[in-house]
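Input: one structure, supplied below.
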Amino acid sequence: MAKILFVDDEESIRTLCEEELGEEGYEVITTGRCKDVLELIASALPSAVVLDIRMEDCNGLDLLQEIRNAYQDLPIILNTAYNSYREDVKSIAADHYVVKSFDMAELKAKLAMVVKNRS
């Protein structure tokens with residue numbers, strides 16, 4: 001079973017994604033605190049990270065760079081409500097960019113792709 005680390009500061013989004021992705025067969029670990037992310041990656045060894053950009057305690061694009069520097073091969077999917085960050089040069093470090101939606105089909109498809117490629 002693939003493990004996914006889902007990072008978002010909105011509890012309702014974390015809960016929804018944990019349920020939806022759990023139904024897809026993923027083990028989902030969630031956090032709303034950026035400072036926990038690198039430690040969670042080290043301890044849980046996820047197959048992929050789904051990362052929000054705008055969070056209360058950090059900028060997700062800066063966190064993306066930190067993750068990429070420490071874990072170069074770990075797939076990272078940016079999952080944000082803002083399409084405008086797609087063109088940000090820092091976004092290039094992510095494997096995929098998904099605009100948040102209640103229809104999680106795109107996120108699920110991208111996750112399936114990166115998990116398959118990683119295994």
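Any residue at all in the range 27-41 that's in contact (Cβ under 8 Å) with a residue 40 or more places away in the chain, of a type outside the set (D, E, K, R) and buried (at least 18 other Cβ atoms within 10 Å of the Cβ)?
Checking the range 27-41: not a single residue is in contact (Cβ under 8 Å) with a residue 40 or more places away in the chain, of a type outside the set (D, E, K, R) and buried (at least 18 other Cβ atoms within 10 Å of the Cβ).
Only one of (1) within 19 Å of Asn117 (Cα to Cα); (2) modelled with pLDDT of 95 or more is not met by Met1, so which one is it?
Every condition holds for Met1 apart from (2).
Could you figure out which of (1) closer than 23 Å to Lys116 by Cα; (2) crowded, with 18+ Cβ neighbours inside 10 Å; (3) modelled with pLDDT of 95 or more isn't true of Asp8?
(1)
Could you please find all residues in the range 1-14 being farther than 17 Å from Ala105 by Cα, outside any strand (DSSP E or B) and out of contact with any Cys (no Cβ under 8 Å at 6 or more places or on another chain)?
Of everything in the range 1-14, those that are farther than 17 Å from Ala105 by Cα, outside any strand (DSSP E or B) and out of contact with any Cys (no Cβ under 8 Å at 6 or more places or on another chain) turn out to be Met1, Ala2, Asp9, Glu10, Glu11, Ser12.
Would you point out the residue of the range 42-81, among those that are more than 14 Å from the chain's Cα centre (by Cα) and polar (S, T, N, Q), that is farthest from Val115 (Cα to Cα)?
The selected residue is Asn69.
Continuing with this model, one more query. So which helices (runs of 4 or more DSSP H) stay within the range 15-119 end to end and still have 1 or more residues that are farther than 21 Å from Met1 by Cα and at pLDDT below 95?
Of the helices (runs of 4 or more DSSP H) lying wholly inside the range 15-119, those with at least 1 residues that are farther than 21 Å from Met1 by Cα and at pLDDT below 95 span 60-70.
The values are calculated or read from the model by the stated rules, or taken from the named source; none is laboratory data. Remember, it's a predicted structure, so these values are computed and weren't measured experimentally. Reconstructed Cβ throughout: ideal geometry from the backbone, glycine too, with neighbour counts over all protein chains shown.
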